[in-house]
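> Before anything else, here's the structure in question.
The values are calculated or read from the model by the stated rules, or taken from the named source; none is laboratory data. None of these values were measured; they are calculated from a predicted model. Methodologically, a virtual Cβ is constructed for each residue, glycine included, from the backbone with ideal geometry; neighbour enumeration extends over all protein chains shown.
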Amino acid sequence: MTRRWGIMGTGIIAHAFAEAIRAEGGSVVAVSSATPARAQRFAAAHGIPVAASPHGDLLRHRDVEVVYIATTNERHHLDAHACIAAGVPALVEKPFALHAPAARAVLEAASTAGLFVAEAMWTRLQPATQRLHAELASGVIGEPTAFQASFGVVLNSDPWRRWRSAALGGGALLDLGVYPATLAHDLLGPASRVQATGQLADTGVDLNVAVVAEHERGSATWRCSFIEASGVWATVAGADGHIWIGEPFHHAPSLTVHPRDQPVRHLPIDGHELGYRYEVREVHRCLEAGLLESSTLAHADTLAVLEMLDEIGAQLGVLRPKLAPVTS
Ligand SMILES: NC(=O)c1ccc[n+]([C@@H]2O[C@H](COP(=O)([O-])OP(=O)(O)OC[C@H]3O[C@@H](n4cnc5c(N)ncnc54)[C@H](OP(=O)(O)O)[C@@H]3O)[C@@H](O)[C@H]2O)c1
């Protein structure tokens, strides 16, 4: 069955996701922007029949069966609430909300309304991540107890200053740090103690963050940065070896398994190039099965990661906008 998507947002990722929907046999029937001209340009580029503005108008189009929310971070919870109020399931870009209480309110509203909602944390659905879990379950490196990662990419340009804007929920933590935080959580369980240091921009958002965290089953050290080219790598270790997750670790093209007493195995990952298509497939699967939650994109995990990011942000004194009230 062809699923009819609406897309809120006209940025870089929305373009990529529109292609992924089409590649998975879905159709995009409407797109929205805060600016009518941007919605129209996007619609023309992808052959989408409806260009809506402002974002809420997308939900007036009864053709829309499910919405992909790719707006700026500070709007995610508002756009998700609007979808829920209109009775439409939603896939919400990371970070699901600017902080855990806002995310919790969305999840509660979706549950009350009996609607599917999920965070678009595509790393969890990547074949490399699935293979990583399988390798770990085989015991090849023993129980994983240590995670290290870096997500550092230097921003030579911030074309319209989203990344450094406190008002738009910018900062390295929410854009990049959410990936190592997610993988650390998924591999080692929830964090019980977090210690962070970092550098803020003059706008009050974080440019550079280093984290040491104690998790249920081990410890993690990771960093994220807009100003250090530290790479996008990750590794997980246990008493019997370690696994190197190929760059970029959040949609890795390979894994390299280094068991302590056995030869090294390099594992190229087929299908990593399908990128966002796994999310489209997962949403289609959940909707077809009548599920309100994806077990791979579980609500509790979204919340636990945001709680960790809230604590890190608070330690660094990151400036977050006061969230607009939900009026639905
Ligand atoms: N899963 C992933 O791999 C991934 C990758 C990148 C980003 N993301 C997430 O997706 C969301 C969107 O990220 P993005 O990279 O697509 O951001 P982006 O290109 O900056 O676009 C985000 C929004 O900013 C507005 N915008 C973009 N360029 C603008 C301009 N020149 N002037 C005024 N407004 C402009 C658009 O608003 P309108 O819609 O109102 O036109 C657009 O929807 C973020 O929450 C981010 O965390 C996810």
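> In the range 214-237, how many residues are surrounded by fewer than 20 Cβ atoms within 10 Å (Cβ to Cβ) and either among the hydroxyl-bearing types (S, T, Y) or under 20 Å from T256 (Cα atoms) (or both)? Give the derivation first.
Within the range 214-237, the subset surrounded by fewer than 20 Cβ atoms within 10 Å (Cβ to Cβ) is 214, 216-219, 221, 227-231, 233, 235, 237.
Imposing the further condition that a residue be either among the hydroxyl-bearing types (S, T, Y) or under 20 Å from T256 (Cα atoms) (or both) reduces the set to 219, 221, 230-231, 233, 235, 237.
Qualifying residue count for the region: 7.
> Let me ask something additional. Here is a list: G9, G25. Which entry is more than 12 Å from the ligand (Cβ to nearest atom) and on the phi > 0 side of the Ramachandran plot?
On the way: G9 fails: more than 12 Å from the ligand (Cβ to nearest atom).
Just one listed residue meets the conditions, G25.
> Return the residues of the range 260-314 that are β-branched (V, I, T) and within 14 Å of the ligand (Cβ to nearest atom); say none if nothing qualifies.
So the first thing to find is which residues in the range 260-314 are β-branched (V, I, T), and the list is 264, 269, 280, 283, 296, 302, 305, 312.
Once the filter is applied, which keeps residues that are β-branched (V, I, T) and within 14 Å of the ligand (Cβ to nearest atom), the range 260-314 yields V280, V283, T302, V305.
> Among (1) without any contact (Cβ under 8 Å) to a residue 24 or more places away in the chain; (2) loosely packed, with under 15 Cβ neighbours inside 10 Å, which single condition is M1 missing?
All conditions pass for M1, except number (1).
> Exactly one condition in (1) touching a Phe, Trp or Tyr at 6+ places or on another chain (Cβ under 6 Å); (2) surrounded by fewer than 16 Cβ atoms within 10 Å (Cβ to Cβ) is not met by D270; state its number.
For D270, the exception is condition (1).
> In the range 238-260, which residues are closer than 13 Å to A149 by Cβ and more than 21 Å from the chain's Cα centre (by Cα)? First the steps, then the outcome.
Pass one, the range 238-260, residues closer than 13 Å to A149 by Cβ: 242-250, 252.
Passing the criteria: H242, I243, W244.
> Shifting gears a bit: I'd like the residue in the range 74-93 that is within 18 Å of L291 (Cα to Cα) and assigned to a helix (DSSP H, G or I) and, out of all such residues, is farthest from the ligand (Cβ to nearest atom).
Looking at the filtered set, the residue picked out is I84.
> Of the residues A128, A184, which single one is within 16 Å of the ligand (Cβ to nearest atom), at pLDDT 95 or above and either more than 22 Å from A70 (Cα to Cα) or buried (at least 17 other Cβ atoms within 10 Å of the Cβ) (or both)?
On the way: A184 fails: within 16 Å of the ligand (Cβ to nearest atom).
From the options A128, A184, the qualifying one is A128.
> Just a yes or no: is a residue in the range 67-76 surrounded by fewer than 19 Cβ atoms within 10 Å (Cβ to Cβ), hydroxyl-bearing (S, T, Y) and without any contact (Cβ under 8 Å) to a residue 60 or more places away in the chain?
Here is the first cut: in the range 67-76, the residues surrounded by fewer than 19 Cβ atoms within 10 Å (Cβ to Cβ) are 72.
Then drop every residue that is not hydroxyl-bearing (S, T, Y), which leaves 72.
Of the ones still in play, those that are also without any contact (Cβ under 8 Å) to a residue 60 or more places away in the chain are none.
No - not one qualifying residue is present in the range 67-76.
> Could you list, ordered by first residue, the pairs with Cβ atoms under 8 Å in which the first is in the range 94-123 and outside any loop (DSSP other than H, G, I, E, B) and the second is within 14 Å of the ligand (Cβ to nearest atom) and of a type in the set (K, R), at least 6 apart or interchain?
Partner pairs satisfying both residue conditions: E119/K94; A120/K94.
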